[in-house]
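The values are calculated or read from the model by the stated rules, or taken from the named source; none is laboratory data. The shown structure was predicted, so the numbers you read here are calculated from the model rather than taken from an experiment. Methodologically, a virtual Cβ is constructed for each residue, glycine included, from the backbone with ideal geometry; neighbour enumeration extends over all protein chains shown. When the accessible area is computed, the model is the full protein with side chains, heavy atoms only, and any ligands, DNA or RNA have been set aside. Shrake-Rupley method; radii C 1.70, N 1.55, O 1.52, S 1.80 Å.
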Amino acid sequence: MAQFRLQGSKVLAVDLTGDAVKAKNGAMVAYDGQMAFKKMSGGGEGLRGMVTRRLTGEQMTVMEVQGHGTCFFADRASEINLVNLRGEKLYVESSNLLCTDAGLRTGTTFTGLRGATTGNGLFTTTVEGSGQAAITSDGPAVVLRVSAQYPLSVDPGAYVAHTGNLHQSFQSGVNFRTLMGEGSGEAFQIRFEGEGLVYVQPSERNTVGGDV
């Protein structure tokens, strides 16, 4: 299996011994040894995945890298976070997914109104199986634990990914202070309930929720 390790906080090094990984197209910045690169349609899911992504607006162009040596990946100097999956599912915005083990299954799932506020469409990317994934964030990501006793509310623009058995709901934070211009300006939030982890970045995307 490919070995993922960080070179600093903004470069991912993947050691390959004949293995393969799937990475965001154009994210390779250097490699040593012998590598073969192949562009994959629809995020590596074939025709069905490609059609699904076109219909949902969840854009994701992926390449497969296979060989012997070390390949280095980065994306616009973003911070990189490693996620170890042991049979569970990772939900992540497609723009934040940098690289995965080739054996991990990728797909799409319905997010409803959350996706509409983030500007990424009504669907988001899923990664499932056992192996490693690398996700990016604008600034060092904070990993927050959600439990039955402690639900979590997150600004849509700061959300990156989550794992675990979590239920998402879309809630409005509009109150009298917000309407009078004295509130935080966060008109909408994602509420997570259940058991799991949520990855949040310290910088917000431009979203509908942040502007309303």
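Some values worked out for this structure:
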item	result
Within region 75-102, considering residues that are under 13 Å from the mean Cα position of the chain (by Cα), of a type outside the set (D, E, K, R) and not in a strand (DSSP E or B), the one modelled with the highest pLDDT	78
Yes/no for residue 108 being closer than 30 Å to residue 188 by Cα, modelled with pLDDT under 95 and buried (at least 18 other Cβ atoms within 10 Å of the Cβ)	yes
Residue count, region 134-159 (criterion: at pLDDT 95 or above and assigned to a strand (DSSP E or B))	10
Residues of region 129-143 classified as under 15 Å from the mean Cα position of the chain (by Cα) and open to solvent by less than 60 Å² (accessible area, probe 1.4 Å), total	8
